[in-house]
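Enquirer: Before I ask anything, let me first share the structure, which is written out below as structure tokens.
The values are calculated or read from the model by the stated rules, or taken from the named source; none is laboratory data. As the structure is a prediction and not an experimental result, all values here were calculated from the model. When we count neighbours, we look across all protein chains shown, and the Cβ atoms used for this are built from the backbone with ideal geometry, even at glycine. Areas reflect the complete protein model, heavy atoms only, side chains present, ligands, DNA and RNA absent. Shrake-Rupley method; radii C 1.70, N 1.55, O 1.52, S 1.80 Å.
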Amino acid sequence: MRLRRTAALLLLTLLAATGCGSAVTPAAAPPPASTAASPAASPATPAPSSGASDRPSDATSMICNPYFRQELAGALGTDITQPLAPTWEKRVYSCAYHYPDGSMTLSVKELPDAATALAQYDGLRGSAGPVTDLNGLGEAAYKRADGTTVVRKDSFVLTVDVAKLPETFGTPPRSRADVAVMTATTVMICWQEHSS
């Protein structure tokens with residue numbers, strides 16, 4: 001039963017997320033024209049990095065861009081109430097998705113290579129307490145007891161922290177653990193489309 005529910009959730013996410021890669025704005029392109037009508041639709045511009053001269057990759061910055069936000073709003077059946085405010089510090093790009101009844105934070109740690117990403121992932125997993133492995137998501141994935149999902153893909157470690165969401169969330173209502181898996185799956189689909 002649990003396997004069927006996970007398969008159905010993944011299929012639903014696949015259907016909801018079609019097209020997100022094609023809508024990604026290249027890093028050199030200017031941000032979309034005025035979106036002042038809705039604060040939630042404001043383009044995501046990373047905050048200045050503290051001391052780092054680099055910037056996140058296009059794939060990493062996708063987690064906080066307006067197109068991904070729209071895909072996620074469609075998948076979850078609810079949209080954010082505050083503009084996304086991405087940060088890039090110590091090679092971690094993150095932003096909080098604020099909703100009327102809670103928030104979740106997406107973050108990507110960029111590592112120099114896949115071996116370092118594996119070590120980072122293993123370290124996080126080892127300190128997470130009881131976890132449940134998630135097969136078929138990235139190269140390796142697990143969820144913590146609070147539903148937070150961590151995924152390793154290439155030289156990236158994605159974390160979808162849902163600890164500040166209610167136990168059930170979205171329309172239709174889903175467990176926050178399912179919301180985290182759905183969100184992580186949507187990121188993986190977008191990364192795949194972006195790399196094709």
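Enquirer: Can you spot a residue in segment 136-148 that is buried (at least 20 other Cβ atoms within 10 Å of the Cβ), closer than 18 Å to Cys95 by Cβ, of a type outside the set (Phe, Trp, Tyr) and in contact with a helix residue (DSSP H, G or I) (Cβ under 7 Å, 6 or more places away or on another chain)?
Expert: Yes, segment 136-148 has at least one match.
Enquirer: Check off (1) surrounded by 15 or more Cβ atoms within 10 Å (Cβ to Cβ); (2) over 22 Å from Glu193 (Cβ atoms); (3) at pLDDT 95 or above for Ser107 and give me the number that stays unchecked.
Expert: Status for Ser107: all satisfied but (2).
Enquirer: Which ones in segment 102-127 are over 19 Å from the mean Cα position of the chain (by Cα) and either among the aromatic types (Phe, Trp, Tyr) or assigned to a loop (DSSP other than H, G, I, E, B) (or both)?
Expert: Residues satisfying the conditions are Pro112, Asp113, Ser127.
Enquirer: Only one of these is touching a Lys or Arg at 6+ places or on another chain (Cβ under 7 Å), among the hydroxyl-bearing types (Ser, Thr, Tyr) and either in contact (Cβ under 8 Å) with a residue 60 or more places away in the chain or within 18 Å of Leu134 (Cα to Cα) (or both): Thr149, Thr185, Thr168. Name it.
Expert: Thr149 is the lone residue from the list that is touching a Lys or Arg at 6+ places or on another chain (Cβ under 7 Å), among the hydroxyl-bearing types (Ser, Thr, Tyr) and either in contact (Cβ under 8 Å) with a residue 60 or more places away in the chain or within 18 Å of Leu134 (Cα to Cα) (or both).
Enquirer: Please verify whether Leu165 is under 16 Å from the mean Cα position of the chain (by Cα), open to solvent by less than 40 Å² (accessible area, probe 1.4 Å) and more than 22 Å from Arg91 (Cβ to Cβ), treating the condition exactly as stated.
Expert: Yes; evaluated as a whole, the condition is true for this residue.
Enquirer: Could you identify the single residue in Leu76, Leu84 that is in contact with a Gly (Cβ under 6 Å, 6 or more places away or on another chain) and either over 18 Å from Val162 (Cβ atoms) or not small (Gly, Ala, Ser) (or both)?
Expert: Just one listed residue meets the conditions, Leu76.
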